[in-house]
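Take a look at the structure set out below.
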Amino acid sequence: MTDPHALFEHWFAEAKQSEPNDPDAMAVASVGADGQPSVRMVLLKGHDARGFVFYTNHESRKGGELLADPKAALMFHWKTLRRSVRVEGPVSPVSDEEADAYFASRGRDSRIGAWASDQSRPLDSRETFEARVEEVRARFEGQDVPRPPHWSGFRVAPTRIEFWRDRPARLHERRLFTRAADGGWTEGLLYP
């Protein structure tokens, strides 16, 4: 395959069949104002030719870093397949319509949690968080839980996508797709 999005879809479909847990898990790396990189796991919630989408609290550490310096790197690792995919590119917020639609698809407790959590900020005790969850649950009792204004998604528009496949004796296969000036892709190989 010479289209990296089609190749990703093919590998992702295989991962959904083989990975026992969270085939959509990916590491996302961002950089803080001090130049310190940080990485954490999130779940892929959408992928098409425009990019890779995940959702988060925009006031979290990753949200703040991505809004301040809108570039990210992603990494998928599918251990059962002995494959990984690396993605790099600029980041932009998803539309309010996309964020609303995804938020509405989440379970009620997950929607409540998005309101109750001051994601990435210090927490004095688990009991404090659980009390906040109960406060939010009571506030929205008998009604829909709307998307918080600080909660939305990001789309990483890839400029580089690398497909890594394990090979014997660490003679791995690495295919690199790079976004060309005309919007298409160039493909090459990397030494393992």
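The values are calculated or read from the model by the stated rules, or taken from the named source; none is laboratory data. Keep in mind that what you see is a predicted model, and the values were worked out from it rather than measured. Please note: Cβ atoms are built from the backbone with ideal geometry, for glycine as well, and neighbour counts cover all protein chains shown. Accessible surface is based on the protein model in full, side chains and every heavy atom, while ligands, DNA and RNA are left aside. Shrake-Rupley method; radii C 1.70, N 1.55, O 1.52, S 1.80 Å.
In the set (1) farther than 23 Å from residue 155 by Cβ; (2) of a type in the set (Gly, Ala, Ser); (3) in contact with a Phe, Trp or Tyr (Cβ under 7 Å, 6 or more places away or on another chain), the condition left unmet by residue 114 is number (1).
From the set of residues in the range 148-162 that are part of a loop (DSSP other than H, G, I, E, B) and not β-branched (Val, Ile, Thr), which is surrounded by the most Cβ atoms within 10 Å (Cβ to Cβ)?
Within the range 148-162, the match that is surrounded by the most Cβ atoms within 10 Å (Cβ to Cβ) is 158.
In this structure, residue 82 does not satisfy being touching a residue at least 40 places away in the same chain (Cβ under 8 Å), more than 22 Å from residue 16 (Cα to Cα) and surrounded by fewer than 17 Cβ atoms within 10 Å (Cβ to Cβ). Among the conditions (1) in contact with a helix residue (DSSP H, G or I) (Cβ under 9 Å, 6 or more places away or on another chain); (2) among the acidic types (Asp, Glu); (3) closer than 17 Å to residue 40 by Cα, the only one that residue 109 does not satisfy is (3).
Here residue 38 does not fit the description of being at pLDDT 95 or above, touching a helix residue (DSSP H, G or I) at 6+ places or on another chain (Cβ under 6 Å) and over 16 Å from residue 164 (Cβ atoms). If you check 54, 76 for being more than 24 Å from residue 175 (Cα to Cα), at pLDDT 95 or above, crowded, with 17+ Cβ neighbours inside 10 Å and in contact with a strand residue (DSSP E or B) (Cβ under 7 Å, 6 or more places away or on another chain), only one passes: 54. In the range 28-51, the qualifying residues are those that are more than 24 Å from residue 148 (Cα to Cα) and either in contact with a Leu (Cβ under 7 Å, 6 or more places away or on another chain) or acidic (Asp, Glu) (or both), and the one that is surrounded by the most Cβ atoms within 10 Å (Cβ to Cβ) is 48. Residues in the range 6-24 that are open to solvent by 20 Å² or more (accessible area, probe 1.4 Å) and closer than 18 Å to residue 184 by Cα: 6, 9.
Quick check: is even one residue across the range 178-189 within 23 Å of residue 25 (Cα to Cα) and assigned to a loop (DSSP other than H, G, I, E, B)? Within the range 178-189 (the criterion being within 23 Å of residue 25 (Cα to Cα) and assigned to a loop (DSSP other than H, G, I, E, B)), the answer is no, since none of the residues qualifies.
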